[in-house]
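Structure, as structure tokens:
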Amino acid sequence: MIWVAQEWISSPNRGKFYELQLRKFPAEYKKYWEFVISLEECELSKQLYPRENDLVFLVPERLKGEKREMEGNSIQASHEYHCAYVQRFRRTSVMHNGKYECSLFIQTEDKFPVNVNETVRCVVISSLVTTQRKLKAMSLLNSRNQLARAILNPNPMDFCTTSLLTTTSEGITAYLRDFNDDQKKAIETAYAMVKHSPAVAKICLIHGPPGTGKSKTIVGLLYRLLTERRGQLDENSNAKIKQNRVLVCAPSNAAVDELMKKIILEFKERCKDKKNPLGNCGDINLVRLGPEKSINNEVLRFSLDNQVNHRIMKKDLPYVQEMHRRKEHLDHQLDELSRQRALSRYGRGIQRQELDEKIAQVSKERQELASKIKEVQGRPQKTQSNIILESHIICCTLSTSGGLLLESAFRGQGGVPFSCVIVDEAGQACEVETLTPLIHRCNKLILVGDPKQLPPTVISLTAQDYGYEQSMMARFCKLLEENVEHLVSGRLPVLQLTVQYRMHPDICLFPSNYIYNKSLKTNRGTESARCSSSWPFQPYLVFDVGDGSERRENDSYVNIQEIKVVMELIKLLRDKGRDVNFRNVGIITHYKAQKMKILKELDKEFEGRGLAEVDTVDAFQGRQKDCIIVTCVRANAIQGSIGFLASLQRLNVAITRAKYSLFILGHLRTLMDNQHWNHLIQDAQRRGAIVKTCDKNYKQDAMKILKLKSVLQRSLTYPPSAAPEGSSPQGGSPGSDQNRTLLGDSLYRASVDAKEAADSVAGKDLERPPVKDQLRDPRLLRRMSISAEAPGNCPRDPEPRDPQHSEAAPPLGVPGFPVSPRTLDRALKLCLATWSSHRAHVPCEPPGASIDSTNESDQQGGHSHQREARAVSDRDQEMPSPGNHHPKRSSSWDDGRAEEEDSGSKKRKL
């Protein structure tokens, strides 16, 4: 119960209380006290009162004459709190001062110091409904449940991995063309598991990394299941005999609603006759269980309460309205007769007798009418059961699936009410929560999620120590992986989704390599869209805010320097981005204090027109934005003290929300103490994606998120004489800044064009693995050339290009390369000089841990560069000077260049 207390202490409604009045003492055979509470109609409709299964504190009032000090609605003396449990709530028709008097039956301690009709204050701590449902699910997990053995002692044979032979209609075949191979396999495998041997307990695991279409796969599976027997369902709308009813659950209301939106769109779009649909959602019936206040407005019309009200109003509305009008008339008539009776107290006895008879007659009629109204108002329970029984898809949270609503609807129906249970975001659900929907005796369980993203939220450290935050899916995957390692089973019985449709390839690169074992591929169409020139910002940069420092505020942290960088980036996104607004920019932080500070600065800077959504990692789980800025906050000198950031799962979620651009802000020396962040920083260093910055340069360094403007390339037939006056035939002096800039841009574009050409010839599939680590940013080549001009000065960005990744530059002798041989050799010398100058200036390197890890590769790269430098100097003597060139270059230049390459390679071999 520690987590309940922690939750209540941090609740903003901790001081709220309800006033109760004791009506009856507990009887000997009963253990609860009866209290009276007065509530308005709006409070009853919104359920703003102590409800059944609530854990509460009861605080008795002092005896008359004694004063009681209360500050902020909080009680000072701890002994005055009496822990209690709400057993039952009953609404009555009795009204007093415009409020309904309702009864509360509360179980508490035997020695409760209160007298009849005394006032007691009731403070609601928490609801125990979810806890009770978890206990119920655990108690029902016994030998009678066929999935019990598979859950408690999983075996590879309990999991479905290959699709059995099933007949597929032409319509289904055409429908599945919209899915990739992994999604098709998952849909067909899960479908075959559900259809074959319904009495055999089976579990299907679908592992989907970020952006791989988990929700789309679930929707496809539902369509596949419910289309199979569509004809039978149409002929008989009695849902009691439906064999394809599916229970779809998720840990949170938000996750259920997001999945429901996609289900609604799909089934309405696929409706055969949209003018005359067979159900409330296309050709199927869909219902959402749960309180309306927790349901998204976009799916609210599918809620059970909404459908019940619609049916009752449609069927009984005129009748109910007439009864209410008649009751209101009788009330007025009764009030008038009572008034006349009071005035005739001193009148004739016959008159008083007549009034008494009329009052008795009107009261009797009113009582009969009230009974009829109560009977009509009690019909929703039957209507609720009918709606649930008629539904093909029932959506709710895992906790709600264990309520009495479903249990009472299917009581007495016989058989198994669901063909399968599908749990979305299964990696975020506690194992006991996942057991809850299994109380309905279903033999087929489909878990969809990603155990490598956020685990279930567990506040209690004691519960975490006992493994309570491990999800059922995570446990299954871990055990099955161990079986494969120990050769117990031949392959992993998990259906993997490996094609992602969200991230730019540069953003996807690190999570794919480090977290998903290089299995994550980018869809070809997604790659083309994300790499479009219409998006003006770089895809991936890591800002090293070296002068940042964390500051503790209450139980959280803030980093003012990182907030300044965030504001500069947001201003730039606003100024340079055409359609950048609140919807497509997100700022992720791990700390609430940082979130509040950023929101305050955004409101101050943009006058309440927030240009970005600011929230925590947990809030961004399952969501995406065009651009994401991650502020890490932590910056200290204490080794290993980075708190939440140390979690690989949180890191994974934070860096996989962006579609086009991801910018990470942090103090790299602090972050490198963690092995996961150290790998990310080393990866960014190899790719040249680290930007070191400090306070005076925030604005200037923020400009580096912009893509460089493209410069037209010159072909081999471009006449040098066409250059402007005052410039050399090569477009400027070989050592000028302008020439170096053009050369750097040309080097980059030549490599990209050659790579794209190779891809268009070689790859015909729509998917391919993530692009290898390579230099994508032309500014880095430009920086190299500028740093060579002043070898004594330290460049602004100290990240050297790793010799391992020199393949990013185009090979020598590429046809169409728009520079002369001498200029090209000069560029090679500049690169060599830059590389050596970087090695000579240690203070400008990134943090030492990443440098040490690359010493060996640097040494190997150094020998190869020395050999190449000697070869270049030899060739430089053989090459003609630019002045001896004819302005029109001949095709024999390429042949001579190839011969020089051969001679150079022979020298390198020697």
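The values are calculated or read from the model by the stated rules, or taken from the named source; none is laboratory data. Given the structure is predicted, the values throughout are model-derived calculations rather than measurements. Reconstructed Cβ throughout: ideal geometry from the backbone, glycine too, with neighbour counts over all protein chains shown. These accessible areas exclude ligands, DNA and RNA; they are computed on the full protein's heavy atoms, side chains included. Shrake-Rupley method; radii C 1.70, N 1.55, O 1.52, S 1.80 Å.
Here is a check on your reading of the model: is residue 681 of a type in the set (Val, Ile, Thr), at pLDDT 95 or above, touching a strand residue (DSSP E or B) at 6+ places or on another chain (Cβ under 6 Å) and over 21 Å from residue 453 (Cβ atoms)? For residue 681, the condition - of a type in the set (Val, Ile, Thr), at pLDDT 95 or above, touching a strand residue (DSSP E or B) at 6+ places or on another chain (Cβ under 6 Å) and over 21 Å from residue 453 (Cβ atoms) - is not met. Residues in segment 345-375 that are outside any loop (DSSP other than H, G, I, E, B), modelled with pLDDT under 80 and surrounded by fewer than 14 Cβ atoms within 10 Å (Cβ to Cβ): 345, 346, 349, 350, 351, 371, 374, 375.
Within segment 88-145, being open to solvent by less than 40 Å² (accessible area, probe 1.4 Å), without any contact (Cβ under 8 Å) to a residue 60 or more places away in the chain and part of a strand (DSSP E or B) holds for one residue alone: 89. Regarding segment 596-617, can at least one residue be identified that is among the aromatic types (Phe, Trp, Tyr), more than 20 Å from residue 660 (Cβ to Cβ) and open to solvent by less than 20 Å² (accessible area, probe 1.4 Å)? Checked segment 596-617: at least one residue is among the aromatic types (Phe, Trp, Tyr), more than 20 Å from residue 660 (Cβ to Cβ) and open to solvent by less than 20 Å² (accessible area, probe 1.4 Å).
Within segment 537-569, being more than 16 Å from residue 505 (Cα to Cα), part of a loop (DSSP other than H, G, I, E, B) and touching a residue at least 40 places away in the same chain (Cβ under 8 Å) holds for 546, 547, 548, 549, 550, 559.
State yes or no: is residue 53 modelled with pLDDT of 70 or more and on the phi > 0 side of the Ramachandran plot? Yes: the conditions hold for residue 53. A single member of 439, 446 is in contact with an Asp or Glu (Cβ under 8 Å, 6 or more places away or on another chain) and farther than 19 Å from residue 621 by Cβ, and it is 439. Residue count for segment 485-512 under the criterion of being farther than 30 Å from residue 532 by Cα and touching a Lys or Arg at 6+ places or on another chain (Cβ under 7 Å): the result is 1. Among the residues of segment 618-627, not one is at positive phi and surrounded by fewer than 17 Cβ atoms within 10 Å (Cβ to Cβ).
For every residue, the table says whether it meets (1) out of contact with any strand residue (DSSP E or B) (no Cβ under 7 Å at 6 or more places or on another chain); (2) open to solvent by 20 Å² or more (accessible area, probe 1.4 Å).
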residue	(1), (2)
643	yes, yes
647	yes, yes
659	no, yes
667	no, yes
675	yes, yes
686	yes, yes
691	no, no
695	yes, yes
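Residues in segment 503-522 that are of a type outside the set (D, E, K, R) and open to solvent by 20 Å² or more (accessible area, probe 1.4 Å): 4 in all.
Out of segment 628-641, which residues are open to solvent by less than 30 Å² (accessible area, probe 1.4 Å) and more than 18 Å from the chain's Cα centre (by Cα)? Within segment 628-641, 632, 633, 634, 635 meet the criteria.
Listed by position, the helices (runs of 4 or more DSSP H) inside segment 396-502 whose residues that are assigned by the TED database to the domain that holds residue 211 and crowded, with 20+ Cβ neighbours inside 10 Å number at least 1 are 404-410, 431-435, 472-485. Which of the following residues is without any contact (Cβ under 8 Å) to a residue 40 or more places away in the chain and either over 23 Å from residue 701 (Cα atoms) or of a type in the set (S, T, N, Q) (or both): 597, 592? Just a single option satisfies the conditions, and that option is 592.
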